[in-house]
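Visitor: Let me give you the structure first, and then I'll get to my questions.
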Amino acid sequence: MKSFFNATFFADNRTNLLKKTKSKLLVIPAHQTQQRNADNVQPFRQESNFWYLTGINEPDYILVLSTRETFLIVPKKDTVEAVFDGEASAEHLTKISGIQEIMDEREGWQKLSGLLQKHKKVGALLPMNQKYFNVAMNPARKQLITKMRRRAPGTQIEDIRMSLAQMRMIKQPQELRALQKAIDITNQTLAEVFTPNWFATYDHEYQVEADITAGFRRRGAAGHAFTPIVASGKNTCTIHSIANNSPLQKNSILLLDIGAEVENYAADISRVVPIGSKFSTRQQQVFDAVIDVYNYALALLKPGQNYMEYEQKVEAYMGKTLVTLGVIDKPTRKNIRKFYPHRTSHFLGLDPHDAGDYSKDLQENMVITVEPGIYIPAESIGIRIEEDVLITKTGYKVLSGALPLRPPLMV
Ligand code: GLY
Ligand code: MN
Ligand code: MN
């Protein structure tokens, strides 16, 4: 697939970041590779900010950015590593990123140490807060900060994450093209798998997952942007049900929450289909209620709409909906959150839950998901509909709108 990006995109992002942070010196690490088991590594996925500023998908690099000079510090590979893993040439790295100075570790750190002594302050990415993400964070940020402090004691670290988030939340034309490609691949794959008689050929969730994975790769996506959710029956009530191992029970429902990844950009689309020729009366009732909430949310979207107020309005509307469905008797926050335990929207881009500033009003060229859901474990009914939506000058455009919300799914 031809790339949607060229070196100018990354160079402009670097220039804009320097302007926005007003920092004289910024140091940004790539991700490190992570262990899977023994000497097996996890498939490498670049840290999104590093990619946004360089276009480079290699581990362990460091980007040094100042008003006077920009350079990359590239780890030295020994002969064995180079033979087993390959090695990117300096010309190749320059062509992708537009960065002229590619330095090895010794030379690069010598230069960086000098800059740290001179500037005293450095803009960097602080590690993410593990309290909110119960996973071991990639150690690259922490190690870089520790090493900078060792090389230049007294260096002050300024956190630049919010500046990057505010840049990344406004999508540029190249980014919108990559996102659209990821969305189109996801929709085409869903339409290919969910033909009107699809349930006659699948009897387990993993078979559906296998064909979705094949459909993404066959269409040129890198793969999944996140672990795919293929949930049937009572699994539909687990928001992130990712085991995808259960048998498909006739007359229950199947919830798909999937997204292809194209040049590190994520689609994020959810659909629910009956396992059989049609929904039961109750399944249909809950499904229609979710679509109604979806349409309510969509109608609120336009520049100037405060994001938090939007979430509150949708939550209130969901409260009324849940009362009508007979799921709760009073629309209190606690009652609503029991059956609708997640937010309606999140930013979408390089990360499925993309960087952005949720305290801001919506602005033109933001991309968000709209994904209301109702989950009733006692009835084994979990319904979530998710679309990817661009905020336009006057309102919104549903980027994933080529695929109907209701089955049969056809593009
Ligand atoms: N696929 C995760 C989400 O919809 O947020
Ligand atoms: Mn989502
Ligand atoms: Mn999703």
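Visitor: Quick check on this structure: which one of ALA90, ALA178 is farther than 17 Å from LEU65 by Cβ and modelled with pLDDT of 95 or more?
Guide: After ruling out the rest, the residue left standing is ALA178.
Visitor: Further, regarding this structure: Give region 1-32 a look and list any residue that's surrounded by 14 or more Cβ atoms within 10 Å (Cβ to Cβ) and assigned to a loop (DSSP other than H, G, I, E, B), or say none.
Guide: Within region 1-32, PHE4, PHE5, SER23, LYS24, ALA30, HIS31, GLN32 qualify.
Visitor: Does ILE275 qualify as being more than 16 Å from ligand 3 (Cβ to nearest atom), hydrophobic (A, V, I, L, M, F, W, C) and surrounded by fewer than 21 Cβ atoms within 10 Å (Cβ to Cβ)?
Guide: It is true that ILE275 is more than 16 Å from ligand 3 (Cβ to nearest atom), hydrophobic (A, V, I, L, M, F, W, C) and surrounded by fewer than 21 Cβ atoms within 10 Å (Cβ to Cβ).
Visitor: Here is a list: LEU190, LEU255, LEU248. Which entry is touching a Gly at 6+ places or on another chain (Cβ under 7 Å), in contact (Cβ under 8 Å) with a residue 24 or more places away in the chain and either farther than 20 Å from HIS346 by Cβ or crowded, with 18+ Cβ neighbours inside 10 Å (or both)?
Guide: LEU255
Visitor: Next question. If ILE239 passes every condition in (1) in a helix (DSSP H, G or I); (2) within 16 Å of ligand 1 (Cβ to nearest atom) but one, which one does it miss?
Guide: So ILE239 meets the others, but not (1).
Visitor: Can you tell me how many residues within region 221-239 are within 30 Å of PHE50 (Cα to Cα) and either crowded, with 20+ Cβ neighbours inside 10 Å or modelled with pLDDT under 95 (or both)?
Guide: Number satisfying all stated conditions: 5.
Visitor: Continuing with this model, one more query. Which one of these does GLN284 not meet: (1) out of contact with any strand residue (DSSP E or B) (no Cβ under 7 Å at 6 or more places or on another chain); (2) within 16 Å of ligand 3 (Cβ to nearest atom)?
Guide: (2)
Visitor: Here's something else I'd like to know. Quick one: count up the residues across region 329-345 that are within 16 Å of ligand 3 (Cβ to nearest atom) and either in a helix (DSSP H, G or I) or in contact (Cβ under 8 Å) with a residue 60 or more places away in the chain (or both).
Guide: Total meeting the criteria: 2.
Table: residues versus (1) within 11 Å of ligand 1 (Cβ to nearest atom); (2) closer than 25 Å to THR369 by Cα.
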site	(1), (2)
ASN245	no, no
SER252	no, no
GLU263	no, yes
SER270	yes, yes
SER277	no, no
GLN283	no, yes
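Visitor: Looking at ALA221, ALA214 in this structure, which one is outside any helix (DSSP H, G or I) and of a type outside the set (Val, Ile, Thr)?
Guide: Being outside any helix (DSSP H, G or I) and of a type outside the set (Val, Ile, Thr) holds for just one of ALA221, ALA214, which is ALA221.
The values are calculated or read from the model by the stated rules, or taken from the named source; none is laboratory data. None of the values given here were measured: they were computed from a predicted structure. Neighbour counts are summed over all protein chains in view; Cβ atoms, including those assigned to glycine, are modelled from backbone coordinates with ideal geometry.
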